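Okay, structure first, notes after.
The values are calculated or read from the model by the stated rules, or taken from the named source; none is laboratory data. Quick caveat, the model's predicted, so the values are computed rather than measured. Note that we place each Cβ from the backbone using ideal geometry, even for glycine, and neighbour counts take in every protein chain shown. Calculation scope for accessible area: heavy atoms of the full protein, side chains included, ligands and nucleic acids excluded. Shrake-Rupley method; radii C 1.70, N 1.55, O 1.52, S 1.80 Å.
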Amino acid sequence: MSRPAFHAAPGAADLPLDDIPEVLAQGGDWDEVLAEIEKLTSERIVVNLGPVHPSTHGVLRLILELDGEKVRETRVDTGYLHTGIEKNMEYRTWTQGVAYCTRMDYVAPFFQEAAYCLGVEKLLGITDDVPERASMIRVVMMELCRIASHLVAIGSTGNEMGATTIMTIAFRGREEILRVFERVTGLRMNHEYIRPGGVIQDIGEGTTGYIRERLRGVRRDIGELQDILQENPIFKKRLCDVAVMPLSALMALGHTGPGVRAAGLPLDLRKTQPYCGYEDYEFDVPTRDQSDVYNRTMVRFDECYESMRIVWQALERLDACEGAPTMVSDPQIAWPARLSVASDGQGNSPDHVREIMGESMESLIHHFKLVTEGFHVPAGQVYQTVEHAKGILGVHLVSDGGTRPFRAHFRDPSFANLQSLAMMTEGGQLADVVVSLAAIDPVLGGVDR
């Protein structure tokens, strides 16, 4: 075997061959070196994403265990926005409970109001007595709320990928819907508009035309968003085949809403267990063939169009029954005041104020007792579900026969859907975690309650 050549030091050429020193280049024990490299590269890093982070949809903490850029384990830590809503409802009357539950998912408040009031009406045994016009108004408010919630989901997904324009267009469309809410209820959020027995007041003269006008702007903005995103190669490359979940896993983890429908299952309580007269409306349940981030986003687009179909039908029916009652006739249950929204967004009906303050002592006493003490609900329990924008929302109410709930508990879809996040993200890239979270679209007010 020939001796390897090497460059001698300066002056070595002048030395006799036997006097040139041999140099042995040694790198140590290679087994030990390789073992150390393996140890260093397999070392995992724990990263906290949140709880104070602009992309965690509120106050959510994700504990991520990373191997380089790959997520090995995801743990979801909730409770940072806990406000004790369910417990506080036990110390308020059945009607006052609406003021608490509407603040849970503050992006889609009407669903909590509707589910809670439907449950109270079941306990009272007055489900069939709720005026048809009140149910129509509830449908309009919920479907507009669904569109507004989906626009926030789509806009925040774009914003979290650096596309701020997507968020601004989405929030421009949502603003049109909030204007409708403000005209009808006097408030942009936390409405307390749906009450046991109906709604607190009618929508007002000319409101159906106003809603149609605003819907045209919403339709324009949804179409613009879809034109930008649907076939955008950057958008598709970023979202397609990311956070893929099989239908079996989604069902096992209690996931509902757009994520399940993206997997191909047309699960929608408006069709399978209709309420508020949904069985009388024509609409489809959009589905896709794979539940990844892209298809969940596209399902939300499709659902916005279906919600607009429902709203247009409901508006026609509202025009046909203008002036009909919007609250049950039972004076022991019906909220006595008929609000008249003034320019400042507040105010009782002047006729009601005049009667209770200057004409009828009996009306004043009845108003005072019903507002402060509330009405008695027969002992029993009920579980009521509605199709929330984010999935199935359930409310379990227990009554001991008093004027307050003995127990109120909500099955919030954001909370249930968050169980899927670990399976969606583990084994994927760190950069896909926020995108996967955006596809679930949780609102932490509903998660923590």
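Karplus-based coupling profile of the range 270-277, in residue order and whole Hz: 5, 9, 7, 9, x, 9, 6, x, with θ = phi - 60° in 6.51 cos²θ - 1.76 cosθ + 1.60 and x standing for Gly or Pro. Extending 7 Å from Cα along the Cβ direction at Tyr210 and again at Glu182 yields two label points whose distance is 1.1 nm.
Can you compute the FRET efficiency between Ala324 and Tyr383 using 1/(1 + (r/R0)^6), with r the Cβ-Cβ distance and R0 = 30 Å? Round to the nearest 0.05. Don't skip to the answer; put the middle values down first.
On the way: r = 30 Å, r/R0 = 1.00.
Approximately 0.50, to the nearest 0.05.
Element breakdown for the chain at a 1.4 angstrom probe: carbon and sulfur atoms account for 53% of the accessible area.
Heavy-atom accessible surface of the range 159-199, averaged per residue, reaches 39 Å², computed with a 1.4 Å probe. Each principal axis of the range 214-275 carries a Cα extent, and these read 35, 35, 14 Å when sorted largest first.
Using 1/(1 + (r/R0)^6) with R0 = 51 angstrom and r between the beta carbons of Ala99 and Glu73, what's the FRET efficiency to the nearest 0.05? Each step should come with its number before you reach the end.
Values: r = 40 Å, r/R0 = 0.78.
Once the sixth-power term is evaluated, E becomes 0.80.
Looking at the range 142-209, the GluC sites (Glu not before Pro) that sit in a DSSP loop and have at most 12 other Cβ atoms within 10 Å of their own Cβ are Glu205.
About its Cα centre, the dipole of the range 184-316 is roughly 420 debye, where the only charges are +1 on Lys and Arg Cβ and -1 on Asp and Glu Cβ.
What number results when the radius of gyration of the chain, computed over Cα atoms, is divided by 2.2 N^0.38 Å?
Taking the Cα Rg and dividing by 2.2 N^0.38 Å, one obtains 1.34.
Run the numbers for Gln230 and Asp280: contour at 0.36 nm per residue of separation, minus the present Cα-Cα distance, in nm.
On the way: separation 50, 0.36 × 50 = 18.00 nm, distance 3.16 nm.
Computed gain between Gln230 and Asp280 is 14.8 nm.
Rounded to the nearest angstrom and listed largest first, the equivalent-ellipsoid semi-axes of the range 51-132 from its Cα gyration tensor are 38, 14, 11.
Normalised by the number of residues in the range 293-449, the average gap of Cα pairs under 8 Å and 6 or more apart makes the relative contact order 14 percent.
If R0 is 35 Å, what FRET efficiency do you get for Glu355 and Thr127 from their C-beta distance, rounded to 0.05? Efficiency, from the Cβ-Cβ distance: 0.70.
Scanning residues 5 or more positions from His388 or on other chains, those with amide H under 5 Å from its amide H are Leu393, with H placed 1.01 Å from N in the peptide plane.
Once the Cα-Cα distance is subtracted from the 0.36 nm per residue extended length, the Tyr91 to Val52 segment shows a gain of 10.9 nm.
Close Lys pairs in the chain, defined as Cα atoms under 27 Å apart and 8 or more places apart or on different chains, number 12. Charge tally for Ala408 (other residues, Cβ to Cβ under 11 Å; Lys, Arg +1; Asp, Glu -1): +3.
Once C-alpha pairs closer than 8 Å and six or more residues apart are averaged by separation and normalised to the residue number of the chain, the relative contact order reads 24 percent. Dipole check for the range 310-449: with +1 at the C-beta of Lys and Arg, -1 at the C-beta of Asp and Glu, and the Cα centre as origin, the magnitude is about 360 Debye. Only helices reaching 20 angstrom along their own axis (Cα) with mean Kyte-Doolittle hydropathy no lower than -0.5 count here, and for the DSSP H runs of the chain these are 109-124, 132-160, 164-185, 293-320. Placing +1 on each Lys and Arg Cβ and -1 on each Asp and Glu Cβ, with no other charges, gives the chain a dipole about its Cα centre of roughly 1320 debye.
Using just the helices of the chain, give the 222 nm mean residue ellipticity in deg cm²/dmol: DSSP H runs with n ≥ 4 each add -39,500 (n - 2.57), and the total is spread over all residues, rounded to 500.
Result for the chain: -14000 deg cm²/dmol, rounded to the nearest 500.
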